[in-house]
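Take a look at the structure below.
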Amino acid sequence: MSKYEAIYKDILGRIEQNLYAAGDTLPGEYELMKIYEASRDTIRKALLLLAQNGYIQKSKGRGSIVLDRQRYDFPVSGVVSFKELADKMEQDVQTKVICLEKTHPDARIRQLFHMSPEDEVWLVQRVRIIDHEAVILDTDILDASIIPELNEEILEQSLYSYIEETLHLKIAYAEKEITCQNVSGLDTKVLDMKQYDMVVNVESCSYLDDARIFQYTNARHRPDKFRFKDFARRVKLV
């Protein structure tokens, strides 16, 4: 076993024993060099291996932060409501509505929804709280001609259940795009971001079975809590 692998295993053991807890910052490179009597290059190799395996996040100016390995699976393919996912979790899950207003669409939304400036949309913002930590910020734009009435109770329970069971509409499919982005001022204000300076940003457009778009969503996830899973089948390109 190489020196850096031995250091990696020792630090990993300390993380698993909670000697370095989630959110803690590991000792700096020079301190680790003294602790393990190793070169800077060897320490950096050990830290890189920890980062690659998802145990730490290296942050400029903050050092190496221990990540929380408890994550929640969000499917990339398929159209699943947060309520449906929450029902499968054993954690305490809550939704807090921080914005609900009817407004007119901006230029981008008009293009997506094929609307005119006089049309109306709902602007909805919800914070998802899991185990008493605010870890997701959802911003939704909803076509008010398809969903004419909306209130906080519906949004705190299940928007999709309301659409399908009360409005008797059929949700068919969604297009999604996943990127990593720097945190915004709103992220730091409403989410428990801890030391994290990045979010996983998921943009999606959801459609009814008649191909009408009814929802645009921008979901911003704290990066340590979530992984996105999908099933892919190989298809040869002709």
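Mind listing whichever residues of segment 13-52 are under 18 Å from residue 196 (Cα atoms), touching a strand residue (DSSP E or B) at 6+ places or on another chain (Cβ under 8 Å) and part of a helix (DSSP H, G or I)?
Residues satisfying the conditions are 47, 50, 51.
Tell me which of these residue 119 doesn't satisfy, since it passes every other one: (1) without any contact (Cβ under 8 Å) to a residue 60 or more places away in the chain; (2) touching a strand residue (DSSP E or B) at 6+ places or on another chain (Cβ under 7 Å).
Only one criterion is unmet by residue 119, namely (2).
Results for (1) out of contact with any helix residue (DSSP H, G or I) (no Cβ under 7 Å at 6 or more places or on another chain); (2) modelled with pLDDT under 90; (3) surrounded by 15 or more Cβ atoms within 10 Å (Cβ to Cβ), shown as yes or no for each residue.
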residue	(1), (2), (3)
175	yes, yes, no
184	yes, no, no
190	yes, no, yes
196	yes, yes, yes
199	no, no, yes
213	no, no, yes
217	yes, no, yes
220	no, no, yes
223	yes, yes, yes
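Return yes or no: is residue 4 under 27 Å from residue 197 (Cβ atoms), part of a loop (DSSP other than H, G, I, E, B), not small (Gly, Ala, Ser) and not assigned by the TED database to the domain that holds residue 195?
No.
How many residues are in contact with a Lys or Arg (Cβ under 8 Å, 6 or more places away or on another chain) and free of Cβ contacts under 8 Å to residues at least 24 places away in the same chain if we restrict to segment 3-29?
Counting residues in segment 3-29 that are in contact with a Lys or Arg (Cβ under 8 Å, 6 or more places away or on another chain) and free of Cβ contacts under 8 Å to residues at least 24 places away in the same chain gives 1.
Checking the conditions here, which among 139, 166 is surrounded by fewer than 17 Cβ atoms within 10 Å (Cβ to Cβ) and closer than 23 Å to residue 120 by Cβ?
Unique residue meeting the criteria: 166.
The values are calculated or read from the model by the stated rules, or taken from the named source; none is laboratory data. None of the values given here were measured: they were computed from a predicted structure. Here the Cβ is made from the backbone with ideal geometry for all residues, glycine too, and neighbour counts use every protein chain on show.
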